[in-house]
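Worksheet for the structure shown next.
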Amino acid sequence: MREQWDRCTAWVCVAAGALMLILGWVGVERHAIHRRADPYLASNGLGGIFLLGLGAMLWLSADLRDEWRKLDRIEDAIREQGPAALPELRANASRLR
């Protein structure tokens, strides 16, 4: 959990955003007069969309961080073993796909 904090936070944001959208929907459905439904749309609707976007951004950021770690390992291996290690690295990369 310590290493995957960004993915855990992303799931929490997505769950909270979905919950806010559902609560906003329920609040809007209760009122027949649209003026009374505006606070539900403003608070829960906008907050829910914001949290969904934040969760998506955190998830993408975690994926990019994983890719950068992979590239750093490949670069370190090339520096250690020299250019002669390229065929071996290509074989390992094809197994990872």
* To do: Consider only pairs whose beta carbons are under 8 Å apart and that are at least six residues apart or on different chains; among these, list those whose first residue lies in region 1-22 and is at negative phi and whose second residue is at pLDDT below 95 and not in a helix (DSSP H, G or I).
  => C8/M1
* May I ask you to verify whether A10 is among the hydrophobic types (A, V, I, L, M, F, W, C) and at pLDDT below 75? => no
* Asked: Which members of region 59-97 meet the condition of being at pLDDT below 70 and of a type in the set (S, T, Y)?
  -> S94
* Structure fact -> The number of residues in region 1-18 that are of a type outside the set (F, W, Y), farther than 14 Å from M57 by Cβ and part of a helix (DSSP H, G or I) is 4
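The values are calculated or read from the model by the stated rules, or taken from the named source; none is laboratory data. All values derive from a computational prediction rather than experimental measurement. Neighbour counts are summed over all protein chains in view; Cβ atoms, including those assigned to glycine, are modelled from backbone coordinates with ideal geometry.
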